[in-house]
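Below is one structure, written out as C-alpha coordinates, with a few remarks after it.
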Amino acid sequence: MKRAVQVRLYPNKRQQELLQKNFGACRYLYNRSLALKKYAYQKFGVNISAHRLIKRLPTLKERHPWLKEIDSQALQQSIRHLDEAFKHFFRRIRSGETPGFPKFKSKKHKQSFQYPQRVKIDGKKLYLPKIGWIKTKGLRDDLVGTIKTVTISYEAYRYYASILLEIEAEPIEFVREPIGIDMGVVYAVIDSSGNHHTIEDYSPRYQKELAKLERYQKTLSRKQKGSKRYQKAKIKLARGHKRVSNIRYNFLHRISHIYGENQAIVEDLNIKAMTKSAKRTIENSGKNVKAKSVLNRKILQNGWSLFFVLLEYKTNHNLIKVDPKYTSQTCSRCGYVDKANRISQSRFVCRSCGFTINADVNATKNILARGIHGNNARQQPKVA
Ligand SMILES: [Zn+2]
(Lines give C-alpha, C1' and ligand atoms only; values in the text may rest on other atoms or scores of the structure.)
Protein backbone atom coordinates (compact mmCIF):
# COMPACT_ATOMS: atom_id res chain seq x y z
CA MET A 1 0.00 0.00 0.00
CA LYS A 2 1.31 3.45 -0.83
CA ARG A 3 1.02 6.45 1.39
CA ALA A 4 1.89 10.07 0.66
CA VAL A 5 3.14 12.59 3.20
CA GLN A 6 3.76 16.27 2.61
CA VAL A 7 6.15 18.27 4.78
CA ARG A 8 7.35 21.84 4.77
CA LEU A 9 11.10 22.32 4.28
CA TYR A 10 13.27 24.93 5.96
CA PRO A 11 16.43 25.03 3.85
CA ASN A 12 19.24 27.39 4.84
CA LYS A 13 20.57 30.04 2.44
CA ARG A 14 23.06 27.74 0.73
CA GLN A 15 20.48 24.96 0.42
CA GLN A 16 17.93 27.39 -1.02
CA GLU A 17 20.40 28.34 -3.72
CA LEU A 18 21.03 24.69 -4.51
CA LEU A 19 17.31 23.90 -4.61
CA GLN A 20 16.72 26.79 -7.01
CA LYS A 21 19.53 25.46 -9.21
CA ASN A 22 17.78 22.08 -9.19
CA PHE A 23 14.46 23.56 -10.26
CA GLY A 24 16.17 25.51 -13.02
CA ALA A 25 18.25 22.59 -14.28
CA CYS A 26 15.37 20.11 -14.30
CA ARG A 27 13.15 22.64 -16.05
CA TYR A 28 15.92 23.37 -18.58
CA LEU A 29 16.44 19.70 -19.30
CA TYR A 30 12.71 19.05 -19.57
CA ASN A 31 12.18 21.92 -22.00
CA ARG A 32 15.28 21.09 -24.02
CA SER A 33 14.23 17.46 -24.35
CA LEU A 34 10.69 18.52 -25.20
CA ALA A 35 11.93 20.78 -28.01
CA LEU A 36 14.01 17.91 -29.35
CA LYS A 37 11.18 15.40 -29.19
CA LYS A 38 8.74 17.85 -30.71
CA TYR A 39 11.10 18.56 -33.60
CA ALA A 40 11.76 14.88 -34.27
CA TYR A 41 8.10 14.07 -34.12
CA GLN A 42 6.87 16.90 -36.32
CA LYS A 43 9.67 16.65 -38.85
CA PHE A 44 10.18 12.90 -39.06
CA GLY A 45 7.26 11.40 -37.16
CA VAL A 46 9.57 9.58 -34.76
CA ASN A 47 9.68 9.45 -30.99
CA ILE A 48 13.01 9.89 -29.23
CA SER A 49 12.95 7.57 -26.25
CA ALA A 50 13.73 8.55 -22.68
CA HIS A 51 16.49 5.97 -22.76
CA ARG A 52 18.29 7.78 -25.60
CA LEU A 53 17.87 11.17 -23.95
CA ILE A 54 19.25 9.86 -20.68
CA LYS A 55 22.23 8.33 -22.47
CA ARG A 56 23.10 11.76 -23.83
CA LEU A 57 23.24 13.32 -20.36
CA PRO A 58 27.03 12.97 -19.81
CA THR A 59 27.73 14.75 -23.12
CA LEU A 60 25.33 17.49 -22.16
CA LYS A 61 27.05 17.87 -18.81
CA GLU A 62 30.40 18.39 -20.54
CA ARG A 63 28.84 21.21 -22.53
CA HIS A 64 27.01 22.72 -19.54
CA PRO A 65 29.21 22.10 -16.48
CA TRP A 66 26.62 23.64 -14.14
CA LEU A 67 24.50 20.53 -14.68
CA LYS A 68 27.15 18.58 -12.76
CA GLU A 69 26.02 20.23 -9.55
CA ILE A 70 22.64 18.57 -9.92
CA ASP A 71 21.76 15.07 -8.78
CA SER A 72 21.86 12.78 -11.84
CA GLN A 73 18.82 10.83 -10.70
CA ALA A 74 16.75 14.00 -10.43
CA LEU A 75 17.79 15.00 -13.95
CA GLN A 76 16.91 11.58 -15.33
CA GLN A 77 13.58 11.72 -13.57
CA SER A 78 12.62 14.94 -15.37
CA ILE A 79 13.25 13.17 -18.69
CA ARG A 80 11.07 10.27 -17.53
CA HIS A 81 8.30 12.68 -16.60
CA LEU A 82 8.42 14.14 -20.07
CA ASP A 83 8.20 10.62 -21.45
CA GLU A 84 5.06 10.05 -19.39
CA ALA A 85 3.55 13.23 -20.81
CA PHE A 86 4.25 11.96 -24.33
CA LYS A 87 2.86 8.52 -23.63
CA HIS A 88 -0.32 10.18 -22.41
CA PHE A 89 -0.36 12.36 -25.52
CA PHE A 90 -0.05 9.34 -27.86
CA ARG A 91 -2.64 7.39 -25.90
CA ARG A 92 -5.12 10.18 -26.46
CA ILE A 93 -4.31 10.33 -30.17
CA ARG A 94 -4.87 6.58 -30.46
CA SER A 95 -8.26 6.91 -28.81
CA GLY A 96 -9.30 9.43 -31.46
CA GLU A 97 -8.84 12.66 -29.52
CA THR A 98 -6.90 15.72 -30.63
CA PRO A 99 -4.82 16.58 -27.58
CA GLY A 100 -2.48 19.56 -27.34
CA PHE A 101 1.25 18.90 -27.43
CA PRO A 102 2.95 18.52 -24.03
CA LYS A 103 3.74 22.02 -22.79
CA PHE A 104 6.98 23.74 -21.90
CA LYS A 105 7.54 24.37 -18.20
CA SER A 106 7.47 27.99 -17.19
CA LYS A 107 9.49 29.73 -14.52
CA LYS A 108 6.32 31.45 -13.37
CA HIS A 109 4.47 28.36 -12.24
CA LYS A 110 4.97 26.02 -9.34
CA GLN A 111 8.49 24.60 -9.51
CA SER A 112 9.31 21.02 -8.79
CA PHE A 113 11.72 18.17 -9.27
CA GLN A 114 11.83 14.60 -8.07
CA TYR A 115 14.24 12.15 -6.52
CA PRO A 116 13.49 8.53 -7.37
CA GLN A 117 15.74 7.27 -4.55
CA ARG A 118 18.52 7.93 -2.04
CA VAL A 119 16.52 10.31 0.11
CA LYS A 120 16.85 9.61 3.83
CA ILE A 121 14.85 10.53 6.89
CA ASP A 122 16.30 10.99 10.34
CA GLY A 123 13.99 12.32 13.03
CA LYS A 124 12.75 15.68 11.80
CA LYS A 125 15.38 15.99 9.09
CA LEU A 126 15.32 15.01 5.47
CA TYR A 127 18.45 14.18 3.50
CA LEU A 128 18.49 15.19 -0.17
CA PRO A 129 21.36 14.02 -2.40
CA LYS A 130 23.84 16.80 -3.24
CA ILE A 131 21.98 19.20 -0.94
CA GLY A 132 22.30 17.67 2.50
CA TRP A 133 20.16 17.46 5.62
CA ILE A 134 17.24 19.91 5.62
CA LYS A 135 15.07 20.90 8.56
CA THR A 136 11.39 20.08 8.17
CA LYS A 137 8.04 20.57 9.81
CA GLY A 138 5.31 17.95 9.69
CA LEU A 139 7.46 14.84 9.70
CA ARG A 140 6.06 12.22 12.04
CA ASP A 141 8.67 10.14 13.76
CA ASP A 142 6.59 6.98 13.51
CA LEU A 143 6.83 7.05 9.73
CA VAL A 144 7.47 3.52 8.53
CA GLY A 145 7.96 2.10 5.07
CA THR A 146 10.25 2.39 2.08
CA ILE A 147 10.60 5.74 0.33
CA LYS A 148 9.52 5.42 -3.31
CA THR A 149 9.86 8.99 -4.57
CA VAL A 150 10.36 12.42 -3.07
CA THR A 151 9.12 15.48 -4.95
CA ILE A 152 10.49 18.85 -3.94
CA SER A 153 8.34 21.84 -4.81
CA TYR A 154 8.44 25.60 -4.45
CA GLU A 155 5.13 27.33 -4.14
CA ALA A 156 4.09 30.69 -2.72
CA TYR A 157 7.74 31.25 -1.75
CA ARG A 158 7.85 28.13 0.37
CA TYR A 159 9.54 24.78 -0.03
CA TYR A 160 7.78 21.45 0.36
CA ALA A 161 8.63 17.79 0.04
CA SER A 162 6.04 15.20 -0.95
CA ILE A 163 7.19 11.78 0.15
CA LEU A 164 5.66 8.65 -1.31
CA LEU A 165 6.06 5.63 0.93
CA GLU A 166 5.40 1.99 0.35
CA ILE A 167 3.99 0.55 3.56
CA GLU A 168 2.94 -2.93 4.43
CA ALA A 169 -0.80 -3.17 4.03
CA GLU A 170 -2.72 -3.28 7.27
CA PRO A 171 -5.36 -5.94 7.19
CA ILE A 172 -8.65 -4.08 7.05
CA GLU A 173 -11.97 -5.84 7.23
CA PHE A 174 -14.05 -4.30 4.51
CA VAL A 175 -17.77 -4.18 5.03
CA ARG A 176 -18.08 -3.27 1.37
CA GLU A 177 -21.62 -2.11 1.52
CA PRO A 178 -22.30 -0.34 -1.76
CA ILE A 179 -23.21 3.30 -1.47
CA GLY A 180 -24.04 5.94 -4.10
CA ILE A 181 -22.13 9.21 -3.77
CA ASP A 182 -22.72 12.50 -5.54
CA MET A 183 -21.14 15.93 -5.38
CA GLY A 184 -22.87 19.27 -5.19
CA VAL A 185 -22.19 22.43 -7.16
CA VAL A 186 -20.24 23.65 -4.14
CA TYR A 187 -17.86 21.59 -2.00
CA ALA A 188 -20.45 19.18 -0.65
CA VAL A 189 -20.90 15.42 -0.74
CA ILE A 190 -24.23 13.59 -0.56
CA ASP A 191 -24.79 9.83 -0.33
CA SER A 192 -27.61 7.39 -0.92
CA SER A 193 -28.09 6.88 2.82
CA GLY A 194 -29.06 10.53 3.04
CA ASN A 195 -25.84 11.87 4.57
CA HIS A 196 -24.76 15.34 3.60
CA HIS A 197 -21.24 16.67 4.20
CA THR A 198 -20.30 20.23 3.39
CA ILE A 199 -16.84 21.73 3.54
CA GLU A 200 -18.13 24.30 6.05
CA ASP A 201 -19.00 21.48 8.48
CA TYR A 202 -15.38 20.44 8.44
CA SER A 203 -13.76 23.82 8.37
CA PRO A 204 -15.53 26.82 9.88
CA ARG A 205 -12.64 28.89 8.48
CA TYR A 206 -13.39 28.03 4.86
CA GLN A 207 -15.76 30.89 4.02
CA LYS A 208 -13.52 33.34 5.88
CA GLU A 209 -10.50 32.21 3.89
CA LEU A 210 -12.45 32.60 0.65
CA ALA A 211 -13.50 36.12 1.62
CA LYS A 212 -9.87 36.89 2.45
CA LEU A 213 -8.80 35.73 -1.00
CA GLU A 214 -11.15 38.20 -2.60
CA ARG A 215 -9.78 40.98 -0.40
CA TYR A 216 -6.17 40.04 -1.20
CA GLN A 217 -7.02 40.03 -4.90
CA LYS A 218 -8.48 43.53 -4.63
CA THR A 219 -5.50 44.83 -2.67
CA LEU A 220 -3.15 43.41 -5.27
CA SER A 221 -5.01 45.04 -8.15
CA ARG A 222 -4.61 48.44 -6.49
CA LYS A 223 -0.81 48.16 -6.14
CA GLN A 224 1.59 49.29 -8.78
CA LYS A 225 2.92 46.35 -10.72
CA GLY A 226 6.52 45.53 -9.83
CA SER A 227 6.59 47.66 -6.68
CA LYS A 228 7.57 46.31 -3.27
CA ARG A 229 3.99 46.54 -2.01
CA TYR A 230 2.82 44.67 -5.09
CA GLN A 231 5.28 41.90 -4.38
CA LYS A 232 4.11 41.71 -0.77
CA ALA A 233 0.46 41.58 -1.76
CA LYS A 234 1.25 38.86 -4.26
CA ILE A 235 2.85 36.65 -1.62
CA LYS A 236 -0.14 37.19 0.65
CA LEU A 237 -2.50 36.14 -2.12
CA ALA A 238 -0.46 33.06 -2.99
CA ARG A 239 -0.44 31.96 0.64
CA GLY A 240 -4.18 32.52 0.85
CA HIS A 241 -4.65 30.25 -2.17
CA LYS A 242 -2.49 27.62 -0.55
CA ARG A 243 -4.57 27.77 2.66
CA VAL A 244 -7.81 27.37 0.73
CA SER A 245 -6.49 24.46 -1.28
CA ASN A 246 -5.26 22.81 1.94
CA ILE A 247 -8.74 23.08 3.46
CA ARG A 248 -10.23 21.53 0.34
CA TYR A 249 -7.70 18.75 0.31
CA ASN A 250 -8.31 17.94 3.98
CA PHE A 251 -12.05 17.95 3.42
CA LEU A 252 -11.86 15.50 0.51
CA HIS A 253 -9.42 13.38 2.44
CA ARG A 254 -11.66 13.07 5.46
CA ILE A 255 -14.79 12.43 3.42
CA SER A 256 -13.11 9.74 1.33
CA HIS A 257 -12.01 8.12 4.57
CA ILE A 258 -15.63 7.86 5.72
CA TYR A 259 -16.41 5.71 2.68
CA GLY A 260 -13.32 3.57 3.05
CA GLU A 261 -15.31 0.51 4.09
CA ASN A 262 -17.89 0.88 1.37
CA GLN A 263 -17.99 0.00 -2.24
CA ALA A 264 -18.32 3.51 -3.58
CA ILE A 265 -20.41 4.25 -6.66
CA VAL A 266 -20.08 7.61 -8.36
CA GLU A 267 -20.95 9.27 -11.64
CA ASP A 268 -18.36 9.04 -14.37
CA LEU A 269 -16.93 12.55 -14.39
CA ASN A 270 -15.70 12.36 -17.96
CA ILE A 271 -19.16 11.68 -19.31
CA LYS A 272 -20.68 14.16 -16.92
CA ALA A 273 -18.40 17.01 -17.98
CA MET A 274 -19.44 16.55 -21.59
CA THR A 275 -23.16 16.46 -21.02
CA LYS A 276 -23.88 18.72 -18.09
CA SER A 277 -21.37 21.52 -17.93
CA ALA A 278 -22.15 23.26 -21.18
CA LYS A 279 -25.76 23.59 -20.19
CA ARG A 280 -25.17 25.02 -16.77
CA THR A 281 -23.05 27.92 -17.92
CA ILE A 282 -25.48 29.01 -20.58
CA GLU A 283 -28.21 29.26 -17.99
CA ASN A 284 -26.23 31.93 -16.16
CA SER A 285 -26.63 35.34 -17.68
CA GLY A 286 -24.02 38.10 -17.59
CA LYS A 287 -20.42 37.76 -18.62
CA ASN A 288 -18.88 37.95 -15.16
CA VAL A 289 -21.19 35.37 -13.72
CA LYS A 290 -20.35 33.15 -16.64
CA ALA A 291 -16.59 33.55 -16.36
CA LYS A 292 -16.77 32.98 -12.63
CA SER A 293 -18.91 29.89 -12.95
CA VAL A 294 -16.56 28.44 -15.55
CA LEU A 295 -13.70 28.97 -13.14
CA ASN A 296 -15.62 27.53 -10.20
CA ARG A 297 -16.53 24.52 -12.24
CA LYS A 298 -12.90 23.96 -13.11
CA ILE A 299 -11.90 24.12 -9.47
CA LEU A 300 -14.70 21.74 -8.58
CA GLN A 301 -13.79 19.31 -11.31
CA ASN A 302 -10.17 19.25 -10.18
CA GLY A 303 -11.37 18.72 -6.64
CA TRP A 304 -13.67 15.88 -7.60
CA SER A 305 -11.02 14.16 -9.69
CA LEU A 306 -8.83 14.19 -6.60
CA PHE A 307 -11.75 12.94 -4.51
CA PHE A 308 -12.15 9.96 -6.84
CA VAL A 309 -8.46 9.16 -6.64
CA LEU A 310 -8.71 9.23 -2.85
CA LEU A 311 -11.87 7.12 -2.89
CA GLU A 312 -10.27 4.62 -5.20
CA TYR A 313 -7.43 4.25 -2.76
CA LYS A 314 -9.42 4.32 0.49
CA THR A 315 -11.93 1.77 -0.76
CA ASN A 316 -9.07 -0.40 -1.96
CA HIS A 317 -10.14 -0.06 -5.60
CA ASN A 318 -13.79 -0.67 -4.87
CA LEU A 319 -14.95 2.32 -6.84
CA ILE A 320 -17.50 2.00 -9.61
CA LYS A 321 -18.25 4.75 -12.10
CA VAL A 322 -21.63 4.87 -13.78
CA ASP A 323 -23.30 6.76 -16.61
CA PRO A 324 -24.62 10.02 -15.15
CA LYS A 325 -27.36 10.45 -17.73
CA TYR A 326 -30.72 11.48 -16.21
CA THR A 327 -29.71 10.59 -12.65
CA SER A 328 -31.27 13.83 -11.43
CA GLN A 329 -34.48 13.49 -13.47
CA THR A 330 -35.25 9.85 -12.77
CA CYS A 331 -37.53 8.80 -9.93
CA SER A 332 -35.52 6.42 -7.77
CA ARG A 333 -38.71 4.59 -6.74
CA CYS A 334 -40.59 3.96 -9.99
CA GLY A 335 -38.04 4.90 -12.66
CA TYR A 336 -40.18 7.57 -14.32
CA VAL A 337 -37.96 10.07 -16.19
CA ASP A 338 -39.08 13.68 -16.46
CA LYS A 339 -37.27 16.99 -16.12
CA ALA A 340 -40.31 18.30 -14.30
CA ASN A 341 -39.80 15.75 -11.51
CA ARG A 342 -37.21 18.05 -10.09
CA ILE A 343 -39.32 20.95 -8.93
CA SER A 344 -36.44 22.94 -7.40
CA GLN A 345 -32.71 22.65 -6.73
CA SER A 346 -33.44 20.56 -3.66
CA ARG A 347 -36.93 19.07 -4.07
CA PHE A 348 -37.87 16.04 -6.14
CA VAL A 349 -41.52 15.09 -6.59
CA CYS A 350 -42.26 12.27 -9.03
CA ARG A 351 -45.01 13.24 -11.42
CA SER A 352 -45.92 9.61 -11.91
CA CYS A 353 -45.94 8.03 -8.45
CA GLY A 354 -45.81 11.10 -6.23
CA PHE A 355 -42.57 10.02 -4.48
CA THR A 356 -41.14 13.04 -2.64
CA ILE A 357 -37.48 13.17 -1.66
CA ASN A 358 -34.46 15.46 -1.46
CA ALA A 359 -33.34 15.86 -5.09
CA ASP A 360 -29.67 15.13 -4.39
CA VAL A 361 -30.41 12.03 -2.37
CA ASN A 362 -32.70 10.84 -5.17
CA ALA A 363 -29.81 11.16 -7.63
CA THR A 364 -27.47 9.17 -5.38
CA LYS A 365 -30.07 6.39 -5.10
CA ASN A 366 -30.11 6.18 -8.90
CA ILE A 367 -26.31 6.13 -8.93
CA LEU A 368 -26.36 3.30 -6.39
CA ALA A 369 -28.87 1.30 -8.47
CA ARG A 370 -26.74 1.66 -11.58
CA GLY A 371 -23.67 0.57 -9.71
CA ILE A 372 -25.38 -2.58 -8.49
CA HIS A 373 -27.46 -3.45 -11.52
CA GLY A 374 -25.39 -1.93 -14.30
CA ASN A 375 -25.87 1.21 -16.31
CA ASN A 376 -28.97 -0.23 -17.86
CA ALA A 377 -30.65 -0.21 -14.50
CA ARG A 378 -31.84 3.15 -15.76
CA GLN A 379 -35.37 1.93 -16.26
CA GLN A 380 -37.04 4.02 -18.90
CA PRO A 381 -40.64 3.06 -18.82
CA LYS A 382 -42.25 6.40 -19.44
CA VAL A 383 -40.07 9.20 -20.76
CA ALA A 384 -42.05 12.41 -20.88
ZN1 LIG B 1 -41.96 7.73 -9.26
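The values are calculated or read from the model by the stated rules, or taken from the named source; none is laboratory data. Owing to the predicted nature of the structure, the values given are computational and were not obtained by experimental measurement. In this analysis, Cβ positions are derived from the backbone assuming ideal geometry, glycine residues included, and neighbour counts consider all displayed protein chains.
Just so you know, in the range 312-354 the residues that are among the small types (Gly, Ala, Ser), more than 9 Å from the ligand (Cβ to nearest atom) and within 33 Å of the chain's Cα centre (by Cα) include one that is surrounded by the most Cβ atoms within 10 Å (Cβ to Cβ), and it is SER328. Against the list (1) farther than 24 Å from ARG239 by Cβ; (2) without any contact (Cβ under 8 Å) to a residue 12 or more places away in the chain, the condition GLY145 fails is (2). For SER227, the conditions (1) over 16 Å from ILE299 (Cα atoms); (2) surrounded by 12 or more Cβ atoms within 10 Å (Cβ to Cβ); (3) not charged (D, E, K, R) all hold with the exception of (2). Contact map, the range 330-347: first residue at positive phi, second residue within 13 Å of the ligand (Cβ to nearest atom), Cβ cut-off under 6 Å, separation 6 or more or different chains; pairs are GLY335/GLN379; GLY335/PRO381.
For PHE308, the test of being part of a strand (DSSP E or B) and modelled with pLDDT of 80 or more is failed. Applying a threshold of 6 Å to beta carbon distances and a minimum spacing of six or more residues, or different chains, the list of pairs starting in the range 28-48 at a residue that is without any contact (Cβ under 8 Å) to a residue 60 or more places away in the chain and in the same structural domain as ARG63 (by TED's automatic domain parsing) and ending at one that is assigned to a helix (DSSP H, G or I) and surrounded by 15 or more Cβ atoms within 10 Å (Cβ to Cβ) reads LEU29/LEU75; LEU29/SER78; SER33/LEU53; SER33/ILE79; SER33/LEU82; ILE48/LYS37.
Of the residues screened, TYR127 is not one that is touching a residue at least 60 places away in the same chain (Cβ under 8 Å), outside any loop (DSSP other than H, G, I, E, B) and surrounded by 12 or more Cβ atoms within 10 Å (Cβ to Cβ). Consider ILE357 carefully, then state whether it is at pLDDT 80 or above, within 16 Å of the ligand (Cβ to nearest atom) and among the aliphatic types (A, V, I, L, M). It is true that ILE357 is at pLDDT 80 or above, within 16 Å of the ligand (Cβ to nearest atom) and among the aliphatic types (A, V, I, L, M).
The set of residues in the range 130-141 being touching a residue at least 60 places away in the same chain (Cβ under 8 Å) and either in a strand (DSSP E or B) or over 10 Å from VAL7 (Cα atoms) (or both) consists of LYS130, ILE131, GLY132, ILE134, LYS135, THR136, LYS137. Residue check: is GLN15 out of contact with any Ser or Thr (no Cβ under 7 Å at 6 or more places or on another chain), under 30 Å from LEU139 (Cα atoms), assigned by TED's automatic domain parsing to the domain that holds ARG118 and in contact (Cβ under 8 Å) with a residue 40 or more places away in the chain? Yes: the conditions hold for GLN15. When the test is whether a residue is of a type outside the set (Ser, Thr, Tyr), modelled with pLDDT under 90 and touching a strand residue (DSSP E or B) at 6+ places or on another chain (Cβ under 9 Å), LYS365 does not pass it.
Would you check if there is a residue in the range 50-70 being touching a helix residue (DSSP H, G or I) at 6+ places or on another chain (Cβ under 8 Å) and among the polar types (S, T, N, Q)? There is no residue in the range 50-70 that is touching a helix residue (DSSP H, G or I) at 6+ places or on another chain (Cβ under 8 Å) and among the polar types (S, T, N, Q). In the set (1) at pLDDT below 85; (2) within 16 Å of the ligand (Cβ to nearest atom), the condition left unmet by GLN301 is number (2). Filtered by the rule that a residue be surrounded by 13 or more Cβ atoms within 10 Å (Cβ to Cβ) and under 30 Å from PHE86 (Cα atoms), the range 132-155 gives ILE147, LYS148, THR149, VAL150, THR151, ILE152, SER153, TYR154, GLU155. Please work out which residue is farthest from CYS26 (Cα to Cα), limiting yourself to the range 113-160 and to residues that are in contact with a strand residue (DSSP E or B) (Cβ under 9 Å, 6 or more places away or on another chain) and among the aromatic types (Phe, Trp, Tyr). Among them, the one singled out is TRP133. Restricting PHE89, PHE113, PHE101 to those that are of a type in the set (Phe, Trp, Tyr), surrounded by 15 or more Cβ atoms within 10 Å (Cβ to Cβ) and either without any contact (Cβ under 8 Å) to a residue 24 or more places away in the chain or in a loop (DSSP other than H, G, I, E, B) (or both) reduces the list to PHE89.
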